[in-house]
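The values are calculated or read from the model by the stated rules, or taken from the named source; none is laboratory data. All values reported here derive from a predicted model rather than from experimental measurement. Because the Cβ atoms are built from the backbone with ideal geometry, glycine has one as well, and the counts that use them run over all protein chains shown. Heavy atoms of the whole protein, side chains included, go into the accessibility calculation; ligands, DNA and RNA do not. Shrake-Rupley method; radii C 1.70, N 1.55, O 1.52, S 1.80 Å.
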Amino acid sequence: DVALRIGALKDSTLHARPMGSSRLRVLASPGYLERHGRPRQVEDLAAHTLLGFTQPDSLNDWPLAGRDSDYLRVRPDIRASSGETLRQLALSGAGIVCLSDFMSLGDIGSGALVELLPRQTLDLRRSINAVYYRNTALSVRITSFLDHLAEHWRDAPWCL
């Protein structure tokens, strides 16, 4: 009945309720950094294994100033369709990834992932929306569920 979508929404037949936003960070595991070194500037990323999304390409826009824009479009060496898959690859030391705080703050807090280039990282956030069909009446259970999520996420450190 309800799906959660991260990022800009395309025009569709779905109705969307904004639930918040989550900041993007560039991350790697300590093991990866021990083996390959820590990038000190954005240009250093070219010498590293980058993890990214198969689609849409906009998910490979990292919050680092690019030559011609307010973000850096990367060409991932390893691609996956799932943020969780990319998270697991990063945790296993496969490369450098850009993930939203909602997926990675626990890993950052535990030291399993380390934020890279924090001074060069722009405050770029991805919107979080609950989507559901427009042609169905908004049932009490959908409303209750969305209200519960909004209440639960109100104080979450990753949701603004």
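With respect to Arg23, is the statement that it is closer than 20 Å to Asn129 by Cα and open to solvent by 20 Å² or more (accessible area, probe 1.4 Å) true?
Numbers: closer than 20 Å to Asn129 by Cα: yes; open to solvent by 20 Å² or more (accessible area, probe 1.4 Å): yes.
Yes: the conditions hold for Arg23.
Considering only residues of the stretch 101-124 that are under 30 Å from His15 (Cβ atoms) and touching a Leu at 6+ places or on another chain (Cβ under 7 Å), which is modelled with the highest pLDDT? Give the derivation first.
Step one: filter the stretch 101-124 for residues under 30 Å from His15 (Cβ atoms), giving 101-105, 123-124.
Now restrict to residues that are touching a Leu at 6+ places or on another chain (Cβ under 7 Å): 104, 124.
Values: Ser104: 95, Leu124: 87.
Here the residue is Ser104.
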Can you name every residue in the stretch 51-71 that is at pLDDT 90 or above and more than 19 Å from Leu113 (Cβ to Cβ)?
Thr54, Asp61
Testing Arg73 on (1) open to solvent by less than 50 Å² (accessible area, probe 1.4 Å); (2) more than 19 Å from Ser21 (Cβ to Cβ); (3) in contact with a strand residue (DSSP E or B) (Cβ under 6 Å, 6 or more places away or on another chain), one condition comes back false. Which one is that?
(1)
Positions within the stretch 110-123 being under 9 Å from Pro63 (Cβ atoms) and open to solvent by less than 60 Å² (accessible area, probe 1.4 Å), in sequence order:
Thr121
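Give Ala150, Ala90, Ala130 a once-over and let me know the one that is over 17 Å from the mean Cα position of the chain (by Cα) and not basic (Lys, Arg). Break it down stepwise before answering.
Working: Ala90 fails: over 17 Å from the mean Cα position of the chain (by Cα); Ala130 fails: over 17 Å from the mean Cα position of the chain (by Cα).
Testing whether each residue is over 17 Å from the mean Cα position of the chain (by Cα) and not basic (Lys, Arg) leaves just Ala150.
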Residue in the stretch 139-159 that is of a type in the set (Ser, Thr, Tyr), in a loop (DSSP other than H, G, I, E, B), open to solvent by 50 Å² or more (accessible area, probe 1.4 Å) and more than 19 Å from Ile6 (Cα to Cα) present
no
All but one of (1) assigned to a loop (DSSP other than H, G, I, E, B); (2) closer than 30 Å to Arg141 by Cα; (3) basic (Lys, Arg) hold for Arg5; state the number of the condition that does not hold.
(1)
